[in-house]
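**Q** Take this structure, written in structure tokens, and hold onto it; I'll ask about it next.
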Amino acid sequence: MKKTLLLLVLSVCTAWGQNIARIDSGNINGARYRILFPPDWKGKLVMYAHGYEFNGSPLQSKSPQFLKSMSPFLERGFAVAASDYQFQGLALAQGVDDTEALRKYFFGKYGKPDSTFMVGHSMGGGITLAIMENFDKNYQGALPLCPLSSRIYLQCRKEFDLYATFNGLFPGIATPLSTIFDLKNPYQAQDSRKMFAKAMDMKKAILAKDSALAVAFARRFDLKLDDLPFSLFFNENVLRDIAQKAGGNPFDNTNTVYSGFPDNMLVNARAERLPATVNPENVFGKYDRSGNINKPTLLVHTLYDQLIPPTYGVTNFENMVHKQGKDQFFTVRYTNGQGHCAFSPQQTAKAFDELRNWVKTGAKAKAGLME
């Protein structure tokens with residue numbers, strides 16, 4: 001009976017293209033985890049870090065998409081271990097700690113793998129870089145995918161400035177920053193299922209106000225016009241989450257001079273201005289980006305990313321790495337993907353193979369376009 005059940009589980013997993021022989025799941029310090037083992041596991045491990053999740057959204061461990069996205073690693077005989085983190089939302093520092101706790105659990109229960117790689121998407125890519133800056137002795141290399149690669153304060157400040165200038169030029173369409181950072185009302189994440197309908201309403205209002213200005217405004221923040229309302233929806237959740245976790249507003253744009261718009265005088269006259277009410281270190285200080293990496297790190301980014309444009313992050317991190325004198329450990333590949341983390345499974349697999357070859361041969365992976 002047990003043998004029949006095992007064969008049934010294997011056949012279902014194989015039909016999904018996952019080749020999962022067994023799953024170890026549980027809870028470590030309040031963070032749920034999941035470890036996937038392929039049938040031909042050969043003592044190799046990928047530690048995986050997921051991206052930003054709206055508060056109250058389904059956990060990664062409960063998502064069929066998670067199983068599917070891990071295929072490139074499982075097919076190569078790697079086990080995959082991933083934490084849900086102790087809380088959702090902005091959890092970069094917590095994600096580092098919970099991933100490290102899971103790694104210790106894995107090493108303790110299954111022994112130290114022959115090789116261990118760190119992989120993550122989006123905020124999880126930021127976690128990947130932070131782990132390589134702080135816990136690299138446990139890894140052979142890292143694959144951050146469309147990562148939050150800049151200092152997290154700078155990335156989130158971009159979202160703050162997007163709102164400040166948008167609300168000045170298009171008042172009454174998006175939520176004011178003063179409301180977002182008002183802690184009198186408990187934070188309730190917007191329902192992501194309603195995102196499309198709300199974004200369409202916002203787009204109609206934006207175009208009705210000034211369609212030419214809307215196009216120019218979106219371009220100023222490296223966005224396509226169609227993605228502007230979706231970006232506003234997503235970023236409101238991020239900023240509200242930050243307000244609660246920081247205990248106030250960690251940003252200050254009272255001295256900021258905005259430029260790059262069709263009418264900079266108008267933008268600076270109308271931009272919503274708020275002083276900071278809390279120290280940014282309260283929420284952004286732990287595991288702040290340093291660029292101090294010591295193992296092969298292959299960063300892959302799409303040319304267009306509506307949430308983390310490469311111009312805001314990759315260059316900043318590259319400069320940090322260069323300042324540390326660690327250029328030999330860093331390579332950037334880019335694809336013609338037109339969206340956040342819009343990589344095909346084949347591209348992920350190719351990047352992972354290039355990273356493994358770099359580690360095996362010592363020959364640094366080449367930078368540039370990845371088909």
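The values are calculated or read from the model by the stated rules, or taken from the named source; none is laboratory data. These figures come from a predicted structure and were not determined experimentally. Positions of Cβ are backbone-derived with ideal geometry, glycine not excepted, and every protein chain shown enters the neighbour counts.
**Q** Just one of the numbered conditions (1) of a type in the set (D, E, K, R); (2) farther than 22 Å from H50 by Cα; (3) in contact (Cβ under 8 Å) with a residue 40 or more places away in the chain is not true of D327; which one?
**A** Checking D327 against (1) of a type in the set (D, E, K, R); (2) farther than 22 Å from H50 by Cα; (3) in contact (Cβ under 8 Å) with a residue 40 or more places away in the chain, the one that fails is (3).
**Q** With among the aromatic types (F, W, Y), more than 23 Å from F352 (Cα to Cα) and assigned by TED's automatic domain parsing to the domain that holds Y304 as the only criterion, which of F87, F73 stands out?
**A** Among F87, F73, only F87 is among the aromatic types (F, W, Y), more than 23 Å from F352 (Cα to Cα) and assigned by TED's automatic domain parsing to the domain that holds Y304.
**Q** Here is a further query. If you check L303, L298, which single one turns out to be part of a strand (DSSP E or B), surrounded by fewer than 16 Cβ atoms within 10 Å (Cβ to Cβ) and touching a Gly at 6+ places or on another chain (Cβ under 8 Å)? Let's see the steps before the verdict.
**A** On the way: L298 fails: surrounded by fewer than 16 Cβ atoms within 10 Å (Cβ to Cβ).
Being part of a strand (DSSP E or B), surrounded by fewer than 16 Cβ atoms within 10 Å (Cβ to Cβ) and touching a Gly at 6+ places or on another chain (Cβ under 8 Å) holds for just one of L303, L298, which is L303.
**Q** Ok, one more. Taking into account only those residues within the range 214-228 that are in contact with a Phe, Trp or Tyr (Cβ under 8 Å, 6 or more places away or on another chain) and of a type outside the set (G, A, S), which is farthest from P309 (Cα to Cα)?
**A** Within the range 214-228, the first condition is being in contact with a Phe, Trp or Tyr (Cβ under 8 Å, 6 or more places away or on another chain), and the residues that meet it are 214, 216-217, 220, 222, 224, 228.
After this cut, where a residue has to be of a type outside the set (G, A, S) as well, the list is 217, 220, 222, 224, 228.
Numbers: F217: 15, R220: 11, D222: 7, K224: 11, L228: 13 Å.
So the residue we want is F217.
**Q** Can you name the helices (runs of 4 or more DSSP H) wholly within the range 188-285 that have at least 2 residues being charged (D, E, K, R), modelled with pLDDT under 95 and assigned by TED's automatic domain parsing to the domain that holds F170?
**A** On the way: elements: 195-220, 228-246, 264-270, 281-284.
Answer list for the range 188-285: 195-220, 228-246.
**Q** Which of (1) in contact (Cβ under 8 Å) with a residue 24 or more places away in the chain; (2) surrounded by fewer than 15 Cβ atoms within 10 Å (Cβ to Cβ) is the odd one out, the single condition K204 does not satisfy?
**A** Condition (1) is where K204 drops out.
**Q** Scan the range 64-91 for residues that are touching a Gly at 6+ places or on another chain (Cβ under 7 Å), surrounded by fewer than 24 Cβ atoms within 10 Å (Cβ to Cβ) and under 29 Å from K286 (Cβ atoms) and jot them down.
**A** The answer is Q86, and nothing else.
**Q** So, one more: Of the residues L45, L102, which single one is in a helix (DSSP H, G or I), within 24 Å of the chain's Cα centre (by Cα) and at pLDDT 90 or above?
**A** L102
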